[in-house]
Amino acid sequence: MNSSELVSAPRGLLKIFIIDMASKYPVSGIEISENISSITNEIWTPSPGSIYYILKELVTSKKISNIYTPDKGIKKYITTDKGLEDLSLFKKYKKDILLKQAAFLELTYHMIKDDESREFLDQYISQLQKKK
């Protein structure tokens, strides 16, 4: 078992990331996965199953819509007005969302309990609170 099998990213975070990415330009599932891998310095690459399941959910809920690129036959996705509303709401509550993520880190620390992790977590939370 590896670390990615032990803990996964919150699905809500992945959904809003996809909405955000698709709001900038049409994206495919593989582009989403590659972008996440790049942003996280290859620490996390979501599985294709996760990406395509969420894409299907977002299309069904009309937060994104799919388009086909005729030259490659690849399905790409763009954000709808409904998706943009969710993205705007997410950004409105960004500090609260970051503090909630810090709470998840607190839970993780509760299980690990070592000095290096505590120092890292305290610095992270301190920076968030300064920006609030």
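Conditions first: (1) under 25 Å from LYS130 (Cβ atoms); (2) assigned to a helix (DSSP H, G or I). ASN41 passes all but one, so which condition is the exception?
Only one criterion in (1) under 25 Å from LYS130 (Cβ atoms); (2) assigned to a helix (DSSP H, G or I) is unmet by ASN41, namely (2).
Farther than 15 Å from MET21 by Cα and out of contact with any strand residue (DSSP E or B) (no Cβ under 7 Å at 6 or more places or on another chain): which single residue out of GLU119, GLU85 fits that description?
GLU119
Can you report the number of residues in region 110-132 which are among the basic types (Lys, Arg), at pLDDT 75 or above and open to solvent by 100 Å² or more (accessible area, probe 1.4 Å)?
1
I need the full set of residues from region 40-79 which are in contact with a helix residue (DSSP H, G or I) (Cβ under 9 Å, 6 or more places away or on another chain) and among the β-branched types (Val, Ile, Thr), in order please.
Of everything in region 40-79, those that are in contact with a helix residue (DSSP H, G or I) (Cβ under 9 Å, 6 or more places away or on another chain) and among the β-branched types (Val, Ile, Thr) turn out to be ILE43, THR45, ILE51, ILE54, ILE64, ILE74, ILE78, THR79.
Given the condition in contact (Cβ under 8 Å) with a residue 60 or more places away in the chain and open to solvent by 70 Å² or more (accessible area, probe 1.4 Å), answer yes or no: does some residue in region 93-109 qualify?
Yes, region 93-109 contains a residue that is in contact (Cβ under 8 Å) with a residue 60 or more places away in the chain and open to solvent by 70 Å² or more (accessible area, probe 1.4 Å).
Say whether the condition of being over 16 Å from the mean Cα position of the chain (by Cα), open to solvent by less than 60 Å² (accessible area, probe 1.4 Å) and at pLDDT 95 or above is met by at least one residue in region 49-56.
No, there is no match, as no residue in region 49-56 is over 16 Å from the mean Cα position of the chain (by Cα), open to solvent by less than 60 Å² (accessible area, probe 1.4 Å) and at pLDDT 95 or above.
Go through ASN66, ASN2, ASN41 for me and flag whichever is open to solvent by 50 Å² or more (accessible area, probe 1.4 Å), of a type in the set (S, T, N, Q), farther than 19 Å from LYS91 by Cβ and at pLDDT 90 or above.
After applying the criteria, what remains is ASN66.
Would you confirm, using the coordinates I've provided, whether LYS82 is of a type in the set (Lys, Arg) and assigned to a helix (DSSP H, G or I)?
Here the answer is yes, as LYS82 does meet what is asked.
Restricting attention to region 69-92, which residues are in contact with a Ser or Thr (Cβ under 8 Å, 6 or more places away or on another chain) and either of a type in the set (Asp, Glu) or open to solvent by less than 60 Å² (accessible area, probe 1.4 Å) (or both)?
From region 69-92, those in contact with a Ser or Thr (Cβ under 8 Å, 6 or more places away or on another chain) are 74-80, 82-84, 87; that's our starting set.
Hits for region 69-92 are LYS76, TYR77, ILE78, THR79, THR80, GLY83, LEU87.
The values are calculated or read from the model by the stated rules, or taken from the named source; none is laboratory data. Keep in mind that this is a model prediction, so the values were computed, not measured. Positions of Cβ are generated from backbone atoms using ideal geometry, with glycine treated the same way; all protein chains shown enter the neighbour counts. Ligands, DNA and RNA are excluded from the accessible area calculation, which covers all protein heavy atoms including side chains. Shrake-Rupley method; radii C 1.70, N 1.55, O 1.52, S 1.80 Å.
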